[in-house]
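Novice: My questions all concern the structure below.
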Amino acid sequence: MSAPTGNERLEKRFTLRAEQRKARAVQNLAMLIVGAGLVLISVAVFLALPKAQVAIQQTSPSAIPVQVNFPAPAVKLTDLDDKPVALSDYKGQVILYNAWAIWCPPCKEEMPTLEAYYQAHKKDGFVVIAIEDGGSPGEVAVFVRDYRLSFPVWPDPKWVATRTFKTSGLPTSFIIDRGGTVRLTWTGAITRAVLEKYVTPIINEQ
């Protein structure tokens, strides 16, 4: 077998270099495609993030009212102006009695919701009465100021209301109809949508 000539060796060298250049081009193209794919995935995740956050907010848990039927117990306390008050003072209105405490995170969470619902329905003979569980009148007054609450808020440093209603958790709320019957109760923070669904029909009863 004869040795390759100089031209043959040169041709093989050119062919090898061409194949190497082709291999590098294919590798670079593959890396470019992978990089572009990662960028597209990152953009898609970024664009989807706000929708995911909205979905989480829309599906955040809410307390669901339970139907009950018993006469509202009598509760007499002293308000933040040191005047005697009672649930019976609001007979003829629909009352949302909210048992809460200044140290309770879900209690704080639902206060703006209760305030907004009260503002929307107070003209219909509806009132929120929030009775604070165990705090001093001074502490409760500061909370009312900071949260800009306009509905009645009563301090209950000796837990009179919670014992009378046999409340075991906070926040717990009761709906008392115009005739003085407790119709709904729930424990935990509630959303505006659930209030409209369950409480508004009782407000609208004739």
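Novice: Explain nothing, just the number: relative contact order of the stretch 66-203, from Cα pairs under 8 Å at least 6 residues apart, as a whole percent.
Specialist: 36 percent
Novice: So which trypsin sites (Lys or Arg not before Pro) in the stretch 135-175 end up in coil per DSSP with only 14 or fewer other C-beta atoms within 10 Å? Walk me through the numbers before you get to the answer.
Specialist: Numbers: sites: Arg145, Arg148, Lys158, Arg163, Lys166; in loops: Arg148, Lys158, Lys166.
The qualifying sites are Arg148, Lys158, Lys166.
Novice: Hey, fewest Cβ within 10 Å first, where do Asp89, Asp133, Asp82 land in order?
Specialist: In increasing order of surrounding Cβ atoms, one gets Asp82, Asp89, Asp133.
Novice: With the Cα gyration tensor of the stretch 66-203 in hand, convert its eigenvalues to equivalent ellipsoid semi-axes via √(5λ) and list them largest first in whole Å. Write down the numbers at each step before the final one.
Specialist: Numbers: eigenvalues 82, 57, 43 Å².
So the equivalent ellipsoid measures 20, 17, 15 Å along its semi-axes.
Novice: Of Lys76/Lys197; Lys83/Lys122; Lys158/Lys197, which sit over 27 Å apart, Cα to Cα? Could the numbers behind the result be given before it?
Specialist: On the way: Lys76/Lys197 30 Å; Lys83/Lys122 22 Å; Lys158/Lys197 34 Å.
Correct reply: Lys76/Lys197; Lys158/Lys197.
Novice: Here's a follow-up. When a/c is below 1.5 the answer is rounded, else prolate if a/b is larger than b/c, else oblate, so apply that to the stretch 58-110 with a ≥ b ≥ c taken from the square roots of the Cα gyration tensor eigenvalues.
Specialist: oblate
Novice: For the stretch 126-206, give the share of DSSP beta bridges that are antiparallel, in percent and rounded to the nearest 5; count only bridges with both residues there.
Specialist: Antiparallel bridges: around 55 percent, rounded to the nearest 5.
Novice: Also, I was wondering about something else. Glu139 to Glu196: extension gain in nm, 0.36 nm per residue of separation minus the Cα-Cα distance?
Specialist: On the way: separation 57, 0.36 × 57 = 20.52 nm, distance 3.07 nm.
17.5 nm is the gain from fully extending Glu139 to Glu196.
Novice: Karplus couplings for the stretch 93-104 from phi (6.51 cos²θ - 1.76 cosθ + 1.60, θ = phi - 60°), rounded to Hz, Gly and Pro as x?
Specialist: Result, ordered by residue: 10, 8, 10, 9, 8, 10, 8, 8, 8, 5, 8, 9 Hz.
Novice: What list do you get for Trp103, Trp154, Trp186 if you sort them by fewest beta carbons within 10 Å?
Specialist: Trp103, Trp186, Trp154
Laboratory data are not the source of any read-out in this text; all were calculated from the coordinates shown. Because the structure is a prediction, the values reported are computed rather than measured. All Cβ positions, glycine included, derive from the backbone under ideal geometry; neighbour counts span all protein chains shown.
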